[in-house]
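One structure is given here, and the rest of the page talks about it.
The values are calculated or read from the model by the stated rules, or taken from the named source; none is laboratory data. All values derive from a computational prediction rather than experimental measurement. Cβ placement follows ideal geometry from the backbone for every residue including glycine, while neighbour counts extend to all protein chains displayed. Note: areas computed on protein heavy atoms with side chains; ligands, DNA, RNA excluded. Shrake-Rupley method; radii C 1.70, N 1.55, O 1.52, S 1.80 Å.
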Amino acid sequence: MTQFAWPLMFLLLPLPFIVRAVLPAVKGLHGDALRVPFLGDLEKISIKSGSLWNMGSSSNPAEYSKFFWLTFLVWLLLVTAAARPQKVGEPVRLPAESRDIMLVLDISNSMLEQDFTLGNYYIDRLTAVKKTAADFLKKRADDRVGLILFGTRAYLQAPLTYDKKSVQEIIALMDAGMAGTSTAIGDALGLALKNMRDTQDADNKIIILLTDGENNDGSLSLGQAIKLAQDEKIKIYTIGVGKPGGFFGSLMGITLGGNSGLDEAGLKALAAATKGTYFRAEDTAGLQKIYDTIDKLNPRLNDDRFIQETSELFYIPLLAAVLLSMGLAAALRRIN
């Protein structure tokens, strides 16, 4: 498809007629004007051809008409070039704008509790997290993903990156107790917020916090972390993992001892304060569904933006105008 970027330029087409009607006809090429080497040629052409410069008084109307319309054709080509003709390709959907996702994973010793199942076997919570997080990363083709592991201390293992393979390798190698035995949720959140501060707009940034405990260590309280998250306007999804009663509760199908240290109230408050959502994962399948749900709750932007490839064609009429002008100049010289 061809279009003109500046179609209003075609309003200049009548300009030669307007100028001819308004300005007086040229009486000749005599007088005290600055002498130029080809002045004599112009005078002879004026006499022999009826003068292209004095169109209105040509003694040969046919010759006048021929040269007038040829010069007007040059003008038409110049105006067409000025209107910027373009060749426009088919609309192409732009890739969805990438999101920045920071995974904040608890690797305290309690994550070794074996109350999850995979197939017909009981597995510990950390193994379930490794599998579901790896599956989640495989689907993040256009997103940047970062990773923070925490226990007694919080450690940035991977800044926001498109290299999901490296993040997957780190997750596969993580082990419970590597960051200490207690749980510093506040410090982990503070580190995540710090590393997302200078990234793209808040609408495309999310934090996924996964833990099976409560904030019982570190410099930041959960309340302070919530206040920081609100100030940064970053949405946080929180996931509490583990069945009430741990392994024996899972095995017997009964609840022993409440939530086994999981601070559900704090995690719910954190999610609500940042316009996120709290989830409870009690098995591997449930944890997988949670990741899928988060993906749907926070869709990527720009799904309906399109772009069209555009090629400029102004040089074609411009070149034609130059060549035609050169031909006219050569023809006028031959008249002499």
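Odds and ends about this structure:
- For the set 87/138; 130/268; 87/205; 165/275; 138/227, the pairs lying more than 28 angstrom apart at their alpha carbons are 87/138; 87/205; 165/275; 138/227.
- The residues of the stretch 71-212 have, on average, 42 Å² of accessible surface per residue, using a 1.4 Å probe with all protein chains present.
- In this simple spin-label approximation, residue 156 and residue 198 carry label points 7 Å from Cα along the Cα→Cβ vector, and these lie 0.9 nm apart.
- The 3J(HN,Hα) values that the Karplus relation (6.51, -1.76, 1.60; θ = phi - 60°) gives for the stretch 261-266 are, in residue order, x, 6, 8, 5, 4, x Hz. Gly and Pro appear as x.
- Stretchable slack from residue 9 to residue 178, in nm (0.36 nm times residue separation minus alpha-carbon distance): 53.8 nm
- For the stretch 105-158, the share of accessible area belonging to carbon and sulfur comes to 47 percent (1.4 Å probe, ligands and nucleic acids excluded).
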